[in-house]
Amino acid sequence: MTDRSVTHATFVIERVYDASPARVFKAFSDPAARNRWFVKADNWPIAEYTFDFRVGGRETGRFSPDGTMMVYNETIYQDIVPDNRMIFAYSMMIGDKRISSSLATVELKPEGTKTRLFYTEQGAFLDGLDKVADREKGCRDLYEQLALELERSAAIA
Amino acid sequence: MTQHSVTHATFTIVRHYDASPDRVFAAWAQKDRKARWYASHAGWRSQDFTLDFRIGGREYLSIAAPDGVVHTFDGQYQDIVPNERIIYSYDMHLDRTRISVSLTTVELKADGTGTKLIFTEQDAFLDGHDTASQRETGTRSLLDSLAAFLATGDPD
(Lines give C-alpha, C1' and ligand atoms only; values in the text may rest on other atoms or scores of the structure.)
Protein backbone atom coordinates (compact mmCIF):
# COMPACT_ATOMS: atom_id res chain seq x y z
CA MET A 1 0.00 0.00 0.00
CA THR A 2 1.36 3.40 -0.97
CA ASP A 3 -1.54 5.56 0.17
CA ARG A 4 -0.33 6.72 3.55
CA SER A 5 -2.57 8.80 5.75
CA VAL A 6 -2.66 10.04 9.31
CA THR A 7 -5.78 11.11 11.18
CA HIS A 8 -5.03 13.03 14.35
CA ALA A 9 -7.69 13.07 17.03
CA THR A 10 -8.14 13.66 20.73
CA PHE A 11 -10.79 12.19 23.00
CA VAL A 12 -11.40 12.38 26.73
CA ILE A 13 -13.11 9.82 28.95
CA GLU A 14 -14.22 10.92 32.40
CA ARG A 15 -15.30 8.41 35.05
CA VAL A 16 -15.88 8.61 38.80
CA TYR A 17 -14.78 5.61 40.88
CA ASP A 18 -15.85 4.83 44.43
CA ALA A 19 -12.24 4.46 45.56
CA SER A 20 -9.41 6.72 46.68
CA PRO A 21 -6.81 7.94 44.15
CA ALA A 22 -4.30 5.63 45.87
CA ARG A 23 -6.52 2.58 45.22
CA VAL A 24 -7.16 3.60 41.61
CA PHE A 25 -3.45 4.21 41.06
CA LYS A 26 -2.66 0.79 42.51
CA ALA A 27 -4.95 -0.83 39.95
CA PHE A 28 -2.61 0.59 37.27
CA SER A 29 0.71 -0.06 38.98
CA ASP A 30 0.15 -3.44 40.64
CA PRO A 31 0.87 -6.23 38.13
CA ALA A 32 -1.77 -8.62 39.55
CA ALA A 33 -4.52 -5.99 39.48
CA ARG A 34 -3.52 -4.74 36.03
CA ASN A 35 -3.54 -8.29 34.75
CA ARG A 36 -7.16 -8.71 35.87
CA TRP A 37 -8.78 -5.59 34.41
CA PHE A 38 -6.43 -4.60 31.57
CA VAL A 39 -4.45 -7.53 30.22
CA LYS A 40 -7.28 -10.05 30.40
CA ALA A 41 -10.06 -7.54 29.73
CA ASP A 42 -11.16 -9.14 26.47
CA ASN A 43 -10.33 -12.70 27.48
CA TRP A 44 -8.03 -12.94 24.47
CA PRO A 45 -5.33 -15.61 24.57
CA ILE A 46 -2.05 -13.91 25.46
CA ALA A 47 1.06 -14.94 23.59
CA GLU A 48 3.35 -12.60 25.45
CA TYR A 49 3.13 -9.87 28.08
CA THR A 50 5.74 -7.76 29.88
CA PHE A 51 5.18 -4.91 32.34
CA ASP A 52 7.78 -2.51 33.75
CA PHE A 53 5.90 0.30 35.49
CA ARG A 54 8.42 3.13 35.88
CA VAL A 55 9.36 6.20 33.86
CA GLY A 56 11.16 4.88 30.78
CA GLY A 57 9.80 1.39 31.44
CA ARG A 58 7.84 -0.54 28.84
CA GLU A 59 4.74 -2.64 28.67
CA THR A 60 4.36 -4.97 25.71
CA GLY A 61 1.56 -7.32 24.82
CA ARG A 62 0.94 -9.76 22.03
CA PHE A 63 -2.60 -11.10 21.80
CA SER A 64 -4.57 -13.15 19.34
CA PRO A 65 -8.37 -12.85 19.44
CA ASP A 66 -8.88 -15.77 17.02
CA GLY A 67 -5.62 -17.71 17.05
CA THR A 68 -4.46 -16.29 13.70
CA MET A 69 -4.62 -12.48 13.80
CA MET A 70 -1.94 -11.05 16.09
CA VAL A 71 -2.46 -7.76 17.90
CA TYR A 72 0.55 -5.98 19.42
CA ASN A 73 0.60 -3.22 21.97
CA GLU A 74 3.86 -1.44 22.85
CA THR A 75 3.81 1.14 25.61
CA ILE A 76 6.48 3.34 27.13
CA TYR A 77 5.77 5.14 30.41
CA GLN A 78 6.78 8.78 30.06
CA ASP A 79 5.66 10.34 33.34
CA ILE A 80 4.38 8.91 36.61
CA VAL A 81 3.25 10.90 39.65
CA PRO A 82 2.03 8.35 42.23
CA ASP A 83 -1.70 8.59 43.04
CA ASN A 84 -1.97 11.53 40.66
CA ARG A 85 -1.09 10.94 37.00
CA MET A 86 0.46 8.67 34.39
CA ILE A 87 1.45 9.58 30.84
CA PHE A 88 2.43 6.94 28.33
CA ALA A 89 2.99 6.64 24.59
CA TYR A 90 1.77 3.52 22.88
CA SER A 91 1.55 2.02 19.42
CA MET A 92 -0.78 -0.72 18.21
CA MET A 93 -0.10 -3.17 15.40
CA ILE A 94 -2.27 -5.76 13.73
CA GLY A 95 -0.09 -8.33 12.03
CA ASP A 96 2.76 -6.35 10.45
CA LYS A 97 0.74 -3.15 10.08
CA ARG A 98 0.98 -0.30 12.57
CA ILE A 99 -2.52 1.08 13.04
CA SER A 100 -1.88 3.87 15.56
CA SER A 101 0.52 5.73 17.81
CA SER A 102 -0.94 7.60 20.74
CA LEU A 103 -0.11 9.72 23.73
CA ALA A 104 -2.31 8.90 26.72
CA THR A 105 -2.71 10.84 29.96
CA VAL A 106 -4.48 9.44 33.02
CA GLU A 107 -5.24 12.03 35.69
CA LEU A 108 -6.70 11.13 39.10
CA LYS A 109 -8.44 13.83 41.09
CA PRO A 110 -9.84 13.21 44.57
CA GLU A 111 -13.52 14.01 44.97
CA GLY A 112 -14.57 13.44 48.57
CA THR A 113 -13.85 9.75 49.19
CA LYS A 114 -14.01 9.07 45.45
CA THR A 115 -11.78 9.67 42.45
CA ARG A 116 -12.56 11.39 39.19
CA LEU A 117 -10.43 9.89 36.42
CA PHE A 118 -9.70 11.73 33.18
CA TYR A 119 -8.27 9.67 30.34
CA THR A 120 -7.06 11.83 27.46
CA GLU A 121 -5.85 10.11 24.32
CA GLN A 122 -4.11 12.12 21.61
CA GLY A 123 -3.86 9.70 18.73
CA ALA A 124 -2.33 9.43 15.29
CA PHE A 125 -4.48 6.85 13.47
CA LEU A 126 -2.61 5.43 10.52
CA ASP A 127 -3.52 4.57 6.94
CA GLY A 128 -7.23 4.19 7.66
CA LEU A 129 -6.58 1.00 9.67
CA ASP A 130 -8.35 2.11 12.85
CA LYS A 131 -11.16 4.49 13.70
CA VAL A 132 -11.18 7.06 16.46
CA ALA A 133 -14.71 6.04 17.51
CA ASP A 134 -13.65 2.39 17.81
CA ARG A 135 -10.63 3.30 19.90
CA GLU A 136 -12.72 5.48 22.18
CA LYS A 137 -15.26 2.70 22.65
CA GLY A 138 -12.48 0.20 23.41
CA CYS A 139 -11.09 2.56 26.04
CA ARG A 140 -14.53 3.18 27.58
CA ASP A 141 -14.95 -0.59 27.92
CA LEU A 142 -11.57 -0.80 29.67
CA TYR A 143 -12.52 1.90 32.16
CA GLU A 144 -15.70 -0.07 32.95
CA GLN A 145 -13.47 -3.10 33.59
CA LEU A 146 -11.50 -0.90 35.98
CA ALA A 147 -14.73 -0.12 37.88
CA LEU A 148 -15.39 -3.86 38.27
CA GLU A 149 -11.82 -4.43 39.45
CA LEU A 150 -12.18 -1.71 42.10
CA GLU A 151 -15.48 -3.23 43.28
CA ARG A 152 -13.86 -6.67 43.54
CA SER A 153 -10.83 -5.36 45.45
CA ALA A 154 -13.12 -3.39 47.84
CA ALA A 155 -15.09 -6.56 48.55
CA ILE A 156 -11.87 -8.43 49.42
CA ALA A 157 -10.39 -5.63 51.58
CA MET B 1 2.50 21.24 48.09
CA THR B 2 3.09 20.85 44.40
CA GLN B 3 0.08 21.58 42.23
CA HIS B 4 -0.04 19.10 39.37
CA SER B 5 -1.73 19.99 36.13
CA VAL B 6 -1.77 18.84 32.52
CA THR B 7 -2.71 21.05 29.57
CA HIS B 8 -3.36 19.18 26.33
CA ALA B 9 -2.88 20.89 22.98
CA THR B 10 -2.30 20.12 19.32
CA PHE B 11 -0.67 22.27 16.67
CA THR B 12 0.13 21.76 13.00
CA ILE B 13 2.72 23.52 10.84
CA VAL B 14 2.84 23.05 7.07
CA ARG B 15 6.00 23.89 5.11
CA HIS B 16 7.21 23.54 1.56
CA TYR B 17 10.88 22.70 0.96
CA ASP B 18 12.71 22.92 -2.36
CA ALA B 19 14.14 19.45 -1.86
CA SER B 20 12.90 15.97 -2.68
CA PRO B 21 11.15 13.88 0.00
CA ASP B 22 14.19 11.58 0.25
CA ARG B 23 16.52 14.54 0.95
CA VAL B 24 14.13 15.96 3.55
CA PHE B 25 13.79 12.49 5.10
CA ALA B 26 17.58 12.09 5.22
CA ALA B 27 17.83 15.38 7.14
CA TRP B 28 15.76 13.74 9.91
CA ALA B 29 17.13 10.23 9.65
CA GLN B 30 20.91 10.69 9.52
CA LYS B 31 22.68 11.87 12.62
CA ASP B 32 25.33 14.00 10.90
CA ARG B 33 22.64 15.80 8.92
CA LYS B 34 20.18 16.24 11.76
CA ALA B 35 22.94 17.54 14.04
CA ARG B 36 23.49 20.49 11.70
CA TRP B 37 19.99 21.94 11.72
CA TYR B 38 18.46 20.43 14.86
CA ALA B 39 21.16 20.05 17.47
CA SER B 40 23.13 23.25 17.06
CA HIS B 41 21.89 26.80 17.60
CA ALA B 42 23.93 30.01 17.85
CA GLY B 43 24.77 30.74 21.48
CA TRP B 44 23.62 27.29 22.69
CA ARG B 45 26.03 24.63 23.88
CA SER B 46 25.25 21.10 22.72
CA GLN B 47 26.22 18.59 25.41
CA ASP B 48 25.06 15.26 24.06
CA PHE B 49 23.29 14.07 20.93
CA THR B 50 22.50 10.45 20.12
CA LEU B 51 20.18 9.25 17.36
CA ASP B 52 19.14 5.63 16.89
CA PHE B 53 16.78 6.10 13.98
CA ARG B 54 14.65 2.96 13.87
CA ILE B 55 11.27 1.99 15.30
CA GLY B 56 11.77 1.62 19.05
CA GLY B 57 15.08 3.50 18.83
CA ARG B 58 15.92 6.44 21.04
CA GLU B 59 16.98 10.00 20.36
CA TYR B 60 18.56 12.07 23.08
CA LEU B 61 19.63 15.70 22.91
CA SER B 62 20.93 17.73 25.79
CA ILE B 63 21.70 21.36 25.04
CA ALA B 64 22.45 24.33 27.32
CA ALA B 65 20.72 27.63 26.58
CA PRO B 66 22.66 30.91 26.81
CA ASP B 67 21.16 31.37 30.32
CA GLY B 68 22.66 28.03 31.40
CA VAL B 69 19.38 26.10 31.62
CA VAL B 70 19.84 22.62 30.16
CA HIS B 71 17.09 21.57 27.72
CA THR B 72 16.84 17.81 27.32
CA PHE B 73 14.88 16.00 24.61
CA ASP B 74 14.40 12.28 25.18
CA GLY B 75 12.48 10.60 22.38
CA GLN B 76 11.49 7.26 21.00
CA TYR B 77 10.56 6.41 17.41
CA GLN B 78 7.05 4.95 17.14
CA ASP B 79 6.70 4.66 13.38
CA ILE B 80 8.97 5.20 10.38
CA VAL B 81 7.97 4.93 6.73
CA PRO B 82 11.04 5.90 4.66
CA ASN B 83 10.61 9.17 2.75
CA GLU B 84 6.98 9.44 3.92
CA ARG B 85 6.43 9.51 7.64
CA ILE B 86 8.12 9.72 11.04
CA ILE B 87 6.29 9.48 14.37
CA TYR B 88 8.04 9.84 17.71
CA SER B 89 7.11 10.41 21.31
CA TYR B 90 9.35 12.50 23.54
CA ASP B 91 9.59 14.32 26.78
CA MET B 92 11.35 17.61 27.49
CA HIS B 93 13.17 18.54 30.65
CA LEU B 94 14.40 21.96 31.74
CA ASP B 95 17.27 21.02 34.03
CA ARG B 96 15.66 18.26 36.13
CA THR B 97 12.01 19.23 35.63
CA ARG B 98 9.88 17.35 33.09
CA ILE B 99 7.86 20.07 31.35
CA SER B 100 6.03 18.12 28.63
CA VAL B 101 5.35 14.82 26.95
CA SER B 102 4.52 14.89 23.23
CA LEU B 103 3.71 12.83 20.19
CA THR B 104 5.02 14.25 16.93
CA THR B 105 4.05 13.23 13.39
CA VAL B 106 6.12 14.40 10.44
CA GLU B 107 4.48 13.68 7.07
CA LEU B 108 6.33 14.20 3.79
CA LYS B 109 4.47 14.49 0.49
CA ALA B 110 5.93 15.13 -2.94
CA ASP B 111 4.93 18.66 -3.97
CA GLY B 112 6.07 19.52 -7.51
CA THR B 113 9.85 19.04 -7.45
CA GLY B 114 9.87 19.73 -3.72
CA THR B 115 8.29 18.43 -0.54
CA LYS B 116 5.33 19.44 1.55
CA LEU B 117 6.08 18.76 5.20
CA ILE B 118 3.20 18.54 7.67
CA PHE B 119 4.38 18.70 11.26
CA THR B 120 1.72 17.79 13.84
CA GLU B 121 2.47 17.81 17.53
CA GLN B 122 0.11 16.53 20.22
CA ASP B 123 1.27 17.77 23.61
CA ALA B 124 0.70 17.28 27.29
CA PHE B 125 2.22 20.32 29.03
CA LEU B 126 2.95 19.62 32.67
CA ASP B 127 2.41 21.70 35.78
CA GLY B 128 2.28 25.04 33.92
CA HIS B 129 5.90 24.84 32.74
CA ASP B 130 5.34 25.42 29.04
CA THR B 131 2.65 26.50 26.59
CA ALA B 132 1.52 25.43 23.14
CA SER B 133 2.32 28.84 21.67
CA GLN B 134 5.90 28.75 22.96
CA ARG B 135 6.35 25.23 21.67
CA GLU B 136 4.93 26.15 18.29
CA THR B 137 7.22 29.20 18.05
CA GLY B 138 10.25 27.05 18.86
CA THR B 139 9.19 24.46 16.31
CA ARG B 140 8.72 27.07 13.55
CA SER B 141 12.24 28.27 14.19
CA LEU B 142 13.54 24.68 13.94
CA LEU B 143 11.73 24.16 10.64
CA ASP B 144 13.37 27.41 9.42
CA SER B 145 16.74 25.89 10.35
CA LEU B 146 15.82 22.81 8.31
CA ALA B 147 15.09 25.08 5.29
CA ALA B 148 18.47 26.77 5.70
CA PHE B 149 20.20 23.39 5.96
CA LEU B 150 18.49 22.05 2.85
CA ALA B 151 19.43 25.23 0.95
CA THR B 152 23.12 24.70 1.65
CA GLY B 153 23.14 21.30 -0.04
CA ASP B 154 24.00 17.96 1.47
CA PRO B 155 27.11 17.11 3.45
CA ASP B 156 29.18 14.19 2.20
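The values are calculated or read from the model by the stated rules, or taken from the named source; none is laboratory data. Here the structure is a predicted model, which is why all the values come from computation and not from measurement. Don't worry about glycine lacking a Cβ; one is built from the backbone with ideal geometry, like all the others, and counts go over all protein chains shown. Calculation scope for accessible area: heavy atoms of the full protein, side chains included, ligands and nucleic acids excluded. Shrake-Rupley method; radii C 1.70, N 1.55, O 1.52, S 1.80 Å.
Quick rundown of the values:
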{"read-out": "Under 13 Å from the Cα of B:Lys109 - aspartates and glutamates, other chains or at least 8 residues apart", "value": "A:Asp3, B:Asp18, B:Asp22, B:Glu84"}
{"read-out": "Whichever lysines have a C-alpha closer than 28 Å to that of A:Lys40, once near sequence neighbours (fewer than 8 apart) are set aside", "value": "A:Lys26, A:Lys97, A:Lys109, A:Lys114, A:Lys131, A:Lys137"}
{"read-out": "Whole-number accessible area per residue in Å² for region A:6-156, which is evaluated in the context of all protein chains at 1.4 Å", "value": "46"}
{"read-out": "Residues of region B:95-118 buried by at least 20 Å² on assembly (accessible area, 1.4 Å probe, chain alone as reference)", "value": "B:Arg98, B:Val101, B:Leu103, B:Thr105, B:Glu107"}
{"read-out": "Top of B:Thr113, B:Thr97, B:Thr105 by mean-square fluctuation, Gaussian network on chain B, Cα under 10 Å", "value": "B:Thr113"}
{"read-out": "Cα centroid separation - region B:1-66 against region A:21-97, whole Å", "value": "28"}
{"read-out": "For region B:10-18, 3J(HN,Hα) per residue [Karplus equation, 6.51 cos²θ - 1.76 cosθ + 1.60, θ = phi - 60°, Hz, x = Gly/Pro]", "value": "9, 9, 10, 10, 10, 9, 10, 10, 7"}
{"read-out": "Where B meets A: accessible area buried, both sides, 1.4 Å probe, Å²", "value": "2300"}
{"read-out": "Three-way shape label, region A:9-48, alpha-carbon gyration tensor, a/c 1.5", "value": "oblate"}
{"read-out": "Projected label distance in nm at B:Asn83 and B:Asp67, using a 7 Å step from Cα toward the beta-carbon", "value": "4.4"}
{"read-out": "Computed [θ] at 222 nm, helices only, for chain A once each DSSP H run of length n ≥ 4 contributes -39500 (n - 2.57)", "value": "-7500 deg cm²/dmol"}
{"read-out": "Electrostatic dipole magnitude of chain A [Cβ: Lys, Arg +1; Asp, Glu -1; Cα centre; debye, to 20]", "value": "260"}
{"read-out": "Relative contact order [Cα under 8 Å, 6+ residues apart], chain B, whole percent", "value": "29"}
{"read-out": "Charge dipole magnitude, Cβ of K and R +1, D and E -1 - the protein assembly as shown, Cα centre, debye nearest 20", "value": "260"}
{"read-out": "Karplus-derived HN-Hα couplings along region B:71-88 (A = 6.51, B = -1.76, C = 1.60, θ = phi - 60°), whole Hz, x at Gly and Pro", "value": "9, 10, 9, 10, x, 9, 6, 9, 7, 9, 10, x, 6, 10, 7, 9, 10, 9"}
{"read-out": "Accessible-area composition of chain B, carbon plus sulfur, in percent [1.4 Å probe]", "value": "49"}
{"read-out": "Nearest-0.05 FRET efficiency for A:Ala32 and B:Ala147, computed from C-beta distance (R0 45 Å)", "value": "0.30"}
{"read-out": "Helix-derived mean residue ellipticity, 222 nm - over chain B, DSSP H n ≥ 4, -39500 (n - 2.57), to 500", "value": "-7000 deg cm²/dmol"}
{"read-out": "Calculated from backbone phi, Karplus (6.51, -1.76, 1.60) coupling profile of region B:128-136 in Hz, x at Gly/Pro", "value": "x, 7, 8, 10, 4, 5, 5, 5, 5"}
{"read-out": "Approximate spin-label separation B:Thr12-A:Arg15, in nm, with each point projected 7 Å along Cα-to-Cβ", "value": "3.0"}
{"read-out": "For A:Met70, residues with placed amide H under 5 Å, excluding near neighbours", "value": "A:Gly95"}
